[in-house]
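Below you'll find the structure, written out as structure tokens, and then a few comments.
The values are calculated or read from the model by the stated rules, or taken from the named source; none is laboratory data. This one's a predicted model, so the numbers in the text were calculated from it and none came from an experiment. Reconstructed Cβ throughout: ideal geometry from the backbone, glycine too, with neighbour counts over all protein chains shown.
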Amino acid sequence: MDETSVKTMSDSKQTRPRGFTSDNIAGVSPEVIAAITACASGQALPYGNDELTHTVERQLAEVFEHAVDVFLVSTGSAANALALAAITPPWGSILSHADAHINRDECGAPEFYTAGAKLVQLPGEAGKIAIDALAANATRMVGDIHSVQPSSVSITQATEMGSVYALDEIRAIGHICRSANLPLHMDGARFANALVTLRCSPAEMTWKAGVDLVSFGATKNGTFGVDAVVSFRRDLASTIAFRRKRAGQLSSKMRFMAAQMDGYLRDGVWLRNAVHANAMASALARGLALVPGVKIQQRPEANILFCRLPTSLIRGLLDMGFRFYHDRWEPGIVRFVTSFATTEADVSDLIGAATSLCAPVGSARVPAGAE
């Protein structure tokens, strides 16, 4: 069977999703829908004064084994910007990895919400800040009236490259931050994915390692539109509260945001979702590693996989309806992202298609799921 026939059969009988661009394209966990439905009737106090919001605050205090202040917001970018604005003055700098989401993908939101603070980009392998680079910049130009002052540090867990900071690495960063009196923020858009990889407690990955604030992500892992700023520093509560209101992030019907987070946290849904998403990325890596011409950039530690693919394979997969980011980093580099909703059949479909497209002429196989 020739390649054209393979493509025709695949297109005509495709019923499964073929998107691997982001975990944002997934739907919503049934438990979250049920929680929203349950709170949809009757009345509740507005602006976070309802009992469901208080329940979520207690849930997150239990999750982190620490007294916390919780501020629900509608996006991860809002969580990051508000958290960083609470700890960074306009004349300050935020030290982060060059590939951090706050630097690459938030359209200047941290700078805007801090009224002009500067993002200082630090190097490091696999999207993680190099400890030496952080140490060198943590006290650089302190007291020099002509220079922005190091004011905060932000790490991404899991990183934009799909890697995960080990506990020792977070502790080392936390130690530098404490020594330099710099608050430490964690962008946890994929917090759960990193947590289940490390097999540690949320406390161990955050405040016990020196983290002051977390952008606790849920949207990528099962909710449809809620993240949270979780603060372990009670002295920041007032400034974050006023900043959230000023930013238009204080929802009048907060109970619907709280319901999402409640359904997400209750009975371990958030952890099961993350375990599944990570497993699908690992399965995809194992399968693609066997395809001629495919080079896995690094073993996925969360739910993101970077590969180097031949140009012909990229074109072929796109023609067959698969969707993923490519050539954004450098020619031939592809990013696949799995989610809680990715199935084993979805992964097999992609592996089978790649295998068929790379098979010798005259021996092409029908992609899995296209029979």
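Only residues that are surrounded by fewer than 15 Cβ atoms within 10 Å (Cβ to Cβ) and of a type in the set (A, V, I, L, M, F, W, C): list them for region 167-183, please.
Leu167
Mind telling me which of the residues Ala279, Ala353, Ala241, Ala237 ends up being over 27 Å from Gly225 (Cβ atoms) and surrounded by 15 or more Cβ atoms within 10 Å (Cβ to Cβ)?
Just one listed residue meets the conditions, Ala353.
Being of a type in the set (S, T, N, Q), in contact (Cβ under 8 Å) with a residue 60 or more places away in the chain and farther than 18 Å from Asp212 by Cβ is the filter here, so list the residues in region 145-161 that pass it.
Thr159 - this is the single residue of region 145-161 that is of a type in the set (S, T, N, Q), in contact (Cβ under 8 Å) with a residue 60 or more places away in the chain and farther than 18 Å from Asp212 by Cβ.
Against the definition (at positive phi, modelled with pLDDT of 95 or more and outside any helix (DSSP H, G or I)), how does Gly42 come out, yes or no?
Judged against the criteria, Gly42 is not a match.
Across region 57-98, which residue is farthest from the chain's Cα centre (by Cα) among those that are surrounded by fewer than 21 Cβ atoms within 10 Å (Cβ to Cβ) and among the β-branched types (Val, Ile, Thr)?
Here the answer is Val63.
Looking at region 184-201 only, could you name the residues that are within 13 Å of Leu167 (Cβ to Cβ) and buried (at least 23 other Cβ atoms within 10 Å of the Cβ)? First the steps, then the outcome.
Step one: filter region 184-201 for residues within 13 Å of Leu167 (Cβ to Cβ), giving 186, 194-195, 197-201.
Once the filter is applied, which keeps residues that are within 13 Å of Leu167 (Cβ to Cβ) and buried (at least 23 other Cβ atoms within 10 Å of the Cβ), region 184-201 yields Met186, Ala194, Leu195.
Which members of region 93-133 meet the condition of being touching a Pro at 6+ places or on another chain (Cβ under 7 Å) and either within 21 Å of Ser147 (Cα to Cα) or β-branched (Val, Ile, Thr) (or both)? Steps first, answer last, please.
Step one: of region 93-133, the residues touching a Pro at 6+ places or on another chain (Cβ under 7 Å) are 93-95, 98, 102, 114-117, 119, 130, 133.
Those that are touching a Pro at 6+ places or on another chain (Cβ under 7 Å) and either within 21 Å of Ser147 (Cα to Cα) or β-branched (Val, Ile, Thr) (or both): Ser93, Ile94, Leu95, Ala98, Ile102, Thr114, Ala115, Gly116, Ala117, Leu119, Ala133.
For the structure I just gave you, tell me whether Gly293 is of a type outside the set (Ser, Thr, Tyr), surrounded by fewer than 20 Cβ atoms within 10 Å (Cβ to Cβ), touching a Cys at 6+ places or on another chain (Cβ under 8 Å) and not in a helix (DSSP H, G or I). If you could, list the steps in order and put the result at the bottom.
Values: of a type outside the set (Ser, Thr, Tyr): yes; surrounded by fewer than 20 Cβ atoms within 10 Å (Cβ to Cβ): yes; touching a Cys at 6+ places or on another chain (Cβ under 8 Å): yes; not in a helix (DSSP H, G or I): yes.
For Gly293, the condition - of a type outside the set (Ser, Thr, Tyr), surrounded by fewer than 20 Cβ atoms within 10 Å (Cβ to Cβ), touching a Cys at 6+ places or on another chain (Cβ under 8 Å) and not in a helix (DSSP H, G or I) - is met.
Quickly run through region 297-327 and pick out the residues that are under 23 Å from Ala341 (Cα atoms), aliphatic (A, V, I, L, M), over 16 Å from the mean Cα position of the chain (by Cα) and outside any loop (DSSP other than H, G, I, E, B).
Of everything in region 297-327, those that are under 23 Å from Ala341 (Cα atoms), aliphatic (A, V, I, L, M), over 16 Å from the mean Cα position of the chain (by Cα) and outside any loop (DSSP other than H, G, I, E, B) turn out to be Leu317, Leu318.
For region 143-153, give me the residue count where each residue is surrounded by fewer than 19 Cβ atoms within 10 Å (Cβ to Cβ) and either among the small types (Gly, Ala, Ser) or at positive phi (or both).
Matching residues across region 143-153 total 2.
What residue, among those in region 107-142 that are buried (at least 21 other Cβ atoms within 10 Å of the Cβ) and of a type in the set (Ser, Thr, Tyr), is nearest to Lys245 (Cα to Cα)?
The selected residue is Tyr113.
For the structure I just gave you, tell me whether Arg266 is touching a strand residue (DSSP E or B) at 6+ places or on another chain (Cβ under 9 Å) and surrounded by fewer than 20 Cβ atoms within 10 Å (Cβ to Cβ).
So Arg266 fails the test.
Residue pairs, Cβ under 6 Å, 6 or more apart or interchain, first in region 132-144 and free of Cβ contacts under 8 Å to residues at least 40 places away in the same chain, second small (Gly, Ala, Ser) and assigned to a loop (DSSP other than H, G, I, E, B). List them.
Met141/Ser147
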